[in-house]
Amino acid sequence: MIKGPIQRILVNIDGSEESLVACEYGILLARIINARLLGAYVVNTRALSDLRKTHIFLAAEEAEYARDIEEDANRYLEHAARTAATKGVEIETIKTSGSVHQELLRVIEEKDIDLLIIGELAHVRSRLDEFYNESERLMRSAPCSVLIVKDEDRVDDLFALEE
Amino acid sequence: MALIDKITEDVVKVPLKSTTKPEVLKELLQILVANGQVKDEASVYNALLEREGLGSTGLENGIAVPHAKTPAVDDLRIAIGIAPKGIEFQALDGGLSTLFFMILAAPDQSGLHIEALSEIAGMSRSTAFLRSLVAASTPGEVVRLIHE
C-alpha cells in the first residue's frame, strides 16, 4: 500500500486563539488522512531569560511567570487532548522548554514530522519579525512542509459540522 | 492576534503631555480606556504602580516598558507613548525616558505576554530604530515605522 505524504502532523500550541484554531484544523486533517497527530507547547524560557537580562523582568517576576507558563502549557495541552477526543482522534502532547523555534525544530526531527501546522501569522509583516517573531522564524526554518491555518470562523464551522 | 497587528494609530500618543512617572502611566492607560480595552482602570493603575514600586521598567536608551498582568483585560493590550523631551522614569541608565510601551495581559496569557515583551526587547536593541520612533511626529508615522 502506498503511504500518503503526510504521516505525522505536529501542531504548535502557544495559547493564542490562532494556535487553538490550528489545533482544530490539525485534528480534522489527521482524522481524514489517518495521520498521527502531535501537539507541542514550548515553555519559552529563552524569552524569560532575555527579559531578565534586559531588566524588563525582576528575578521574582521571572520565577512567577515561569510558573504561570508551565500552568498555561498544561492547560492548553489538556484542552488540545480533550478537543481531539471529541473527534475520536488521539493526540500525543509534548511539553518542552527553551527557545520556541529551536525546540520545535528538534521535535520535528526527533518525531520525523512531515507537516507542521501553525496558526495565522500577523497581518502586517514587520522587518523586525524575521528576527524576533518565533512563528516567522519557524515557518522559514522548518525542514518539513508548513501549513498556516487561516479563517478562524470557517475552521470553527468545519469543526462543529464534522461528525 | 500578533502584537504588531494591535499597534494601530488609536493606541499611540505623540507627544505625551505628562511630565512625571505617575502621569505617564495614567495617560497611557487612558488611551486603552478610551478604546474600551480596559475594564477597571483603577485596578490596572494600581497594578502598574505596584510593579514600578518593585523596580522601574525604565530601561536603557530612553525606552520604558511598564507592564502588568491583570484580569481587567481579556486580551493582550498595548499602548505606545512618545515624549521627545524625556521624562524622569528612574531608568536603569539614569537617563530620561522618551519611548513608552505599556503592555497589559490577562492572567491566563503569560506565554503571549512574555512573547510580546520579548518583541519589545528586540526592538529596543536597535538604537537607530528607537531614534526614528522618538522623532516621529504623528501616531500614523509611529505605526508606519513599526510596520515597515
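The values are calculated or read from the model by the stated rules, or taken from the named source; none is laboratory data. Predicted model, so just to flag it, every value in this text is computed and none were measured. Positions of Cβ are backbone-derived with ideal geometry, glycine not excepted, and every protein chain shown enters the neighbour counts.
Restricting attention to segment B:131-140, report how many residues are within 21 Å of B:Leu96 (Cβ to Cβ) and either more than 14 Å from chain A (Cβ to nearest Cβ) or basic (Lys, Arg) (or both).
As a first pass, look at segment B:131-140 and keep what is within 21 Å of B:Leu96 (Cβ to Cβ): B:131-137.
Among the residues that remain, those that are also either more than 14 Å from chain A (Cβ to nearest Cβ) or basic (Lys, Arg) (or both) are: B:131, B:134-137.
Of the residues in that region, 5 qualify.
Could you check, for segment A:98-106, whether at least one of its residues is over 19 Å from A:Ile32 (Cβ atoms), touching a Ser or Thr at 6+ places or on another chain (Cβ under 7 Å) and modelled with pLDDT of 95 or more?
Step one: list which residues in segment A:98-106 are over 19 Å from A:Ile32 (Cβ atoms), which gives A:98-106.
Adding the requirement that they be touching a Ser or Thr at 6+ places or on another chain (Cβ under 7 Å) leaves A:98, A:101, A:103, A:105.
Still in the list and also modelled with pLDDT of 95 or more: A:103, A:105.
Yes.
Just name the residue that is nearest to B:Leu59 (Cα to Cα) out of those in segment A:37-56 that are part of a strand (DSSP E or B) and either touching a helix residue (DSSP H, G or I) at 6+ places or on another chain (Cβ under 7 Å) or at the interface with chain B (Cβ under 8 Å from one of its Cβ atoms) (or both). Explain how you work it out, then say what you get.
Start the filter on segment A:37-56 by keeping residues that are part of a strand (DSSP E or B), which leaves A:37-43.
With the extra rule that they be either touching a helix residue (DSSP H, G or I) at 6+ places or on another chain (Cβ under 7 Å) or at the interface with chain B (Cβ under 8 Å from one of its Cβ atoms) (or both), the set shrinks to A:37, A:39-43.
Working: A:Leu37: 43, A:Gly39: 37, A:Ala40: 33, A:Tyr41: 30, A:Val42: 27, A:Val43: 25 Å.
Among them, the one singled out is A:Val43.
In segment A:12-30, the residue that is surrounded by the fewest Cβ atoms within 10 Å (Cβ to Cβ) out of those that are within 14 Å of another protein chain (Cβ to nearest Cβ) and touching a Phe, Trp or Tyr at 6+ places or on another chain (Cβ under 7 Å) is A:Gly15.
More than 22 Å from the chain's Cα centre (by Cα), acidic (Asp, Glu) and farther than 20 Å from B:Asp75 by Cα: is that true of A:Glu24 in this structure? Write out each step before concluding.
Values: more than 22 Å from the chain's Cα centre (by Cα): no; acidic (Asp, Glu): yes; farther than 20 Å from B:Asp75 by Cα: yes.
Answer is no for this residue.
The set of residues from segment B:60-71 being touching a Ser or Thr at 6+ places or on another chain (Cβ under 8 Å) and buried (at least 22 other Cβ atoms within 10 Å of the Cβ) comprises B:Gly62, B:Ile63, B:Ala64, B:Val65, B:Pro66, B:His67.
Consider segment B:1-19 and keep the residues that are within 19 Å of B:Ala68 (Cα to Cα) and β-branched (Val, Ile, Thr). The one that is modelled with the lowest pLDDT is B:Ile4.
Return the residue satisfying two criteria in turn: it lies in segment A:57-108 and is part of a helix (DSSP H, G or I), among the hydroxyl-bearing types (Ser, Thr, Tyr) and touching a Phe, Trp or Tyr at 6+ places or on another chain (Cβ under 8 Å), and of such residues it is nearest to the other protein chains (Cβ to nearest Cβ). Spell out the reasoning first.
Residues of segment A:57-108 part of a helix (DSSP H, G or I): A:59-86, A:100-108.
Pick out the ones that are also among the hydroxyl-bearing types (Ser, Thr, Tyr) and you get A:65, A:76, A:83, A:86.
Keeping just the survivors that are touching a Phe, Trp or Tyr at 6+ places or on another chain (Cβ under 8 Å) gives A:65, A:76.
Numbers: A:Tyr65: 5, A:Tyr76: 8 Å.
Among them, the one singled out is A:Tyr65.
Scanning segment B:100-119 for residues that are farther than 23 Å from B:Gly36 by Cα and touching a residue at least 12 places away in the same chain (Cβ under 8 Å) yields B:Glu115, B:Glu119.
Regarding segment B:102-115, can at least one residue be identified that is in contact with a strand residue (DSSP E or B) (Cβ under 8 Å, 6 or more places away or on another chain) and away from every other protein chain (no Cβ under 13 Å)? Yes, that holds for at least one residue.
When B:Ile82 is tested against (1) touching a Lys or Arg at 6+ places or on another chain (Cβ under 9 Å); (2) within 17 Å of B:Leu48 (Cα to Cα); (3) of a type in the set (Val, Ile, Thr), only condition (2) is not met. Is it true that B:Arg144 is within 12 Å of chain A (Cβ to nearest Cβ) and either within 30 Å of A:Ile13 (Cβ to Cβ) or surrounded by 22 or more Cβ atoms within 10 Å (Cβ to Cβ) (or both)? When the stated conditions are applied, B:Arg144 does not pass them. Residue check: B:Pro84 meets all listed conditions (1) surrounded by 19 or more Cβ atoms within 10 Å (Cβ to Cβ); (2) in contact (Cβ under 8 Å) with a residue 40 or more places away in the chain but one, namely (1). Within segment B:106-148, can you find the residues that are acidic (Asp, Glu) and part of a loop (DSSP other than H, G, I, E, B)? Selection gives B:Asp108, B:Glu148. Filtered by the rule that a residue be under 15 Å from B:Ile78 (Cβ atoms) and surrounded by 15 or more Cβ atoms within 10 Å (Cβ to Cβ), segment B:25-49 gives B:Leu25, B:Glu27, B:Leu28, B:Leu29, B:Gln30, B:Ile31, B:Leu32, B:Val33, B:Gln37, B:Val38, B:Val44, B:Leu48.
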